[in-house]
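To keep things clear, I will list the structure first and then write my remarks on it.
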Amino acid sequence: MSPNELQTLKFAHVVDGKLLEGKKLDCCKDPRTNEPLWNVPVAGEEELQIAVTAAQNAFPIWSKKPVTERQSALLQLVDALREQKEFLATIVSKETGKSEIFDEIVHEDDTVQIVQTHTPLGIVGAICPWNFPLVLAVAKVAAAIVTGNCIIVKPSPFTPYSILKFAEIATKIVPAGVFQALNGDNSLGASMTTHPGIQKISFTGSTKTGKKIMEAASGTLKRITLELGGNDATIVCADVDVSKVATEVANGCLFNAGQMCVATKRVYVHESIREEFLQRFVEAAKVFTEQPTIAPPIFGPMQNQMQHAIVQGLIEDCKATGCNILVGQNQSPNGLFIEPTVVDNPPDDSRIVREEQFGPIIPILSWKDEEEVITRANDTDVGLGACVWSKDSTRALSIGRQLEAGSVWINSSEKPNPAAYFSGHKQSGIGGERGRQGLLSYCNTQSIHIYK
Ligand code: NAD
């Protein structure tokens, strides 16, 4: 795509199989260059009602289509996504399951057969964050439409573009009203959570907003899936190949500048290898430098000013409380970029250990005793992901099973897999997505008692 074609792209809501222009317009900025991107409409109550009505018209027909037909539409969407990969990837870089749920006989005796079946919920409202705008939304769209639901997606107002274009591409594949996208700010999200025509909210975002959504959804007893924030710990045992593991842990901390829900946020290293680990980690961290002109980048700027201020505030707090900062003292004057910052052994009660940084500042802590490090890793209200590294996989597994987190990676940094249920324990969420269990969260379960 030529720069001229890119520049003249037009964005609209995708409602009832058509593009809907908005009365109110917004324009986001490229966080790398601070330059304005494209105009994008912002929906309000009126547009939300049009979308809900269209979904209500589509649902009785869509939900009765055989699952094979829904899967076929989904596969066509996958093809369309692949065909448009570069186009959508360009937009993403600018803005920074298949499974069949069969009926199941759960009990049978001489008098009765009990069958469990799973029916679609109705209309799903998907509310998405800015850190992986397309990937996180597509997971919700795929699960909703293959299970027979209709879905209205609201992207983050910081990154509205790629999902609007994907929904536009999808209008040629799925019937009108099945997959719609409305851009809007927090108030549109709030309206979705109270709308009586929406049966489920699938939300990915911060714990703070997740609590508001849970409260608002109670009025209509909507089903909710909340994928929220975390403060993921990585535990490194004494027997590892230090050079290799330090580099891989640094990748897990710093990919996308730490703006990943399951990025490692705290690293606990056995005291006997701490010095060598620190040295190797710092070397690896220095590789993640500014790459403003290289796309797709493995390291980039903070996506927005708000996140930049949060991370900068944590760096200032480390300085003010006398923490030993090994690398990252010189903050880049270039816009939203923050240099990878490594903090050597801050106290367990410091803000950088207690809070979700969601940015490239990493505390490296030291441990001696296995029970003690498990207690420290679990000493938080949240529980999204965790990693354990040891050559002794039995020991690593034993530590992993004791960690209070929805996903645990043994001898790997964090790599979510579409086949695995993805969920947060404690205040990292309610319910989850992906895998069979994730698909079931888009269904009502019905028990049919058939007397003989
Ligand atoms: P956020 O909670 O600020 O916003 C997320 C979405 O919620 C946006 O679309 C926003 O417009 C909407 N929203 C805001 N207030 C609302 C309200 N009252 N009612 C309904 N919707 C409302 O989160 P963010 O800053 O975009 O994303 C970063 C956070 O997301 C981090 O905490 C990160 O850990 C978390 N996250 C979690 C996962 C996961 O799978 N668990 C994945 C990615 C990001």
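The values are calculated or read from the model by the stated rules, or taken from the named source; none is laboratory data. Values in this document were obtained by computation on a predicted structure and should not be read as measured data. For neighbour counting, all protein chains shown are included, and Cβ atoms are generated from backbone atoms with ideal geometry for every residue, glycine included.
Among the residues making up region 167-191, those that are over 22 Å from residue 63 (Cα atoms) and not aliphatic (A, V, I, L, M) are 183, 184, 185, 186, 187, 189, 191.
Yes/no per residue for (1) surrounded by fewer than 19 Cβ atoms within 10 Å (Cβ to Cβ); (2) closer than 21 Å to residue 432 by Cβ:
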residue: 342; (1), (2): no, no
residue: 352; (1), (2): no, no
residue: 365; (1), (2): no, no
residue: 407; (1), (2): no, yes
residue: 410; (1), (2): yes, yes
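Are any of the residues in region 122-145 of a type in the set (D, E, K, R) and surrounded by fewer than 18 Cβ atoms within 10 Å (Cβ to Cβ)?
Looking only at region 122-145, we keep the residues that are of a type in the set (D, E, K, R), and these are 140.
Still in the running and surrounded by fewer than 18 Cβ atoms within 10 Å (Cβ to Cβ): none.
There is no residue in region 122-145 that is of a type in the set (D, E, K, R) and surrounded by fewer than 18 Cβ atoms within 10 Å (Cβ to Cβ).
Applying the condition of being hydrophobic (A, V, I, L, M, F, W, C) and in a strand (DSSP E or B) to region 197-241 and asking which residue is farthest from the ligand (Cβ to nearest atom) yields 236.
Here residue 121 fulfils each of the conditions (1) modelled with pLDDT of 95 or more; (2) within 16 Å of the ligand (Cβ to nearest atom) apart from (2).
If we keep just the residues of region 162-187 that are of a type in the set (A, V, I, L, M) and surrounded by fewer than 22 Cβ atoms within 10 Å (Cβ to Cβ), which is nearest to the ligand (Cβ to nearest atom)? Ranking the candidates gives 169 first. The condition (being farther than 29 Å from residue 57 by Cα and either among the aliphatic types (A, V, I, L, M) or within 22 Å of the chain's Cα centre (by Cα) (or both)) is satisfied by just one residue among 124, 106, 138: 106.
Residues that are touching a strand residue (DSSP E or B) at 6+ places or on another chain (Cβ under 9 Å) and of a type in the set (Gly, Ala, Ser) were ranked within region 127-161; the one that is nearest to the ligand (Cβ to nearest atom) is 156. The one condition from (1) within 16 Å of the ligand (Cβ to nearest atom); (2) over 27 Å from residue 123 (Cα atoms); (3) surrounded by fewer than 19 Cβ atoms within 10 Å (Cβ to Cβ) that residue 421 does not meet is (2).
Residue check: is residue 436 surrounded by fewer than 20 Cβ atoms within 10 Å (Cβ to Cβ), of a type outside the set (A, V, I, L, M) and under 19 Å from the mean Cα position of the chain (by Cα)? Considered against the rule, which asks whether it is surrounded by fewer than 20 Cβ atoms within 10 Å (Cβ to Cβ), of a type outside the set (A, V, I, L, M) and under 19 Å from the mean Cα position of the chain (by Cα), residue 436 comes out as yes.
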